[in-house]
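Visitor: Next up is a structure, given as structure tokens.
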Amino acid sequence: MGREEAVVVGVVGACGGAGASTLAAALADGLRRDGRRPVLVDLATRGGGIDVLLGIDHREGPRWADLRDARGEVDGRALVGLLPTWCAVPVLSAHRTDPAALDQGVVVDVCSALADACDVLVLDLPRAALAAGAGGGADLSTGAAAGAGADAEHAALVGACDALFLVTPLELPAVAGAVAAVALARRSGADRSMRLVARRPAPGRLDPWEVSDVVGLPLACVVGWDRTLAARVDRGQGPPVGARRPLGRAGRELGALVTAGTPARTPAVA
């Protein structure tokens, strides 16, 4: 993969239910609104699928289970054209009825191909990825991960990220999880590209800037609370990412951070 051609961004939660998948989607939408060509990838290949969160699980298109044999040279542009879209963003997700146990190398090869076909690859990382990265990894540009299994692939993907956003609810248990996540990331040097995203509400009135100091990460963004979020997701409408909504504003703000100084790519002519 030509790393000069794409920005790779990872989004990970400090704890369960932190809202990392929602924030990853908002970031991808913000990048699209800014004229970029992002692809959103859900790396929990055995999960329920980010397509359910986005309300696009009924749409046709390949999921991870359909890519079990995708090794070596993968046609990223062709794959992007087949993926289901949310807000015009191509999305690669798990399938809730067919959680995929993938052979070693499939995830890295597919992500490498997708990165060659877009401006920004947005990775919705499972929390376990930071622990995997602590053991060392490989550059995504090699198209392969050192070692074996999902841990090696997660290590390669974390190592390939130009930016990592740690989504942390403003609650004490989440802050403790963020401190632990940073400690893991520090072992592989991934903390150098990591920034904190604080998510409201703050029931105990924790201050985002004080949390940033405690966690030891620069504060990238404070995401306001939108009380309509849960209802919209339950109705299959996806997260509210309009320009005036808290998630919409956060997505644009974070998108500007990760693409600062990076020109948008002109689509290749077939």
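Visitor: Go over the candidates 101, 24, 6, 14 one by one and state the one that is open to solvent by less than 20 Å² (accessible area, probe 1.4 Å) and at pLDDT below 90. Can you show your working first?
Guide: Details: 101 fails: open to solvent by less than 20 Å² (accessible area, probe 1.4 Å); 24 fails: at pLDDT below 90; 14 fails: at pLDDT below 90.
Step by step, each of 101, 24, 6, 14 is checked, and only 6 is open to solvent by less than 20 Å² (accessible area, probe 1.4 Å) and at pLDDT below 90.
Visitor: A further question follows. Looking at the stretch 198-210, I want the residues that are more than 22 Å from residue 11 (Cα to Cα) and have a partner that is open to solvent by 60 Å² or more (accessible area, probe 1.4 Å) and part of a helix (DSSP H, G or I) with Cβ atoms under 7 Å, at least 6 apart or on another chain. Which pairs are those?
Guide: 204/172
Visitor: Examine the stretch 197-207 for a residue that is small (Gly, Ala, Ser), under 21 Å from the mean Cα position of the chain (by Cα) and open to solvent by less than 50 Å² (accessible area, probe 1.4 Å), and state whether such a residue exists. Before you say what the answer is, go through the steps one by one.
Guide: As a first pass, look at the stretch 197-207 and keep what is small (Gly, Ala, Ser): 198, 202, 204.
Right, trim to under 21 Å from the mean Cα position of the chain (by Cα) and you get 198.
Next, from what is left, pick out any that are open to solvent by less than 50 Å² (accessible area, probe 1.4 Å): 198.
Yes, there is a match, as at least one residue in the stretch 197-207 is small (Gly, Ala, Ser), under 21 Å from the mean Cα position of the chain (by Cα) and open to solvent by less than 50 Å² (accessible area, probe 1.4 Å).
Visitor: Now for a different question. Inspect all residues belonging to the stretch 114-124 and state whether any of them is over 15 Å from residue 9 (Cβ atoms), in a helix (DSSP H, G or I) and either modelled with pLDDT under 95 or open to solvent by 20 Å² or more (accessible area, probe 1.4 Å) (or both).
Guide: Within the stretch 114-124, not a single residue is over 15 Å from residue 9 (Cβ atoms), in a helix (DSSP H, G or I) and either modelled with pLDDT under 95 or open to solvent by 20 Å² or more (accessible area, probe 1.4 Å) (or both).
Visitor: Now for a separate question. Just name the residue that is farthest from residue 239 (Cα to Cα) out of those in the stretch 45-66 that are out of contact with any helix residue (DSSP H, G or I) (no Cβ under 6 Å at 6 or more places or on another chain) and either open to solvent by 40 Å² or more (accessible area, probe 1.4 Å) or of a type in the set (Lys, Arg) (or both).
Guide: 66
The values are calculated or read from the model by the stated rules, or taken from the named source; none is laboratory data. Just so you know, these numbers come straight off a predicted model, no measurement behind them. Heads up, the Cβs are rebuilt from the backbone with ideal geometry, glycines too, and the neighbour counts pull from every protein chain shown. The accessibility values were calculated without ligands, DNA or RNA, using every heavy atom of the protein model including side chains. Shrake-Rupley method; radii C 1.70, N 1.55, O 1.52, S 1.80 Å.
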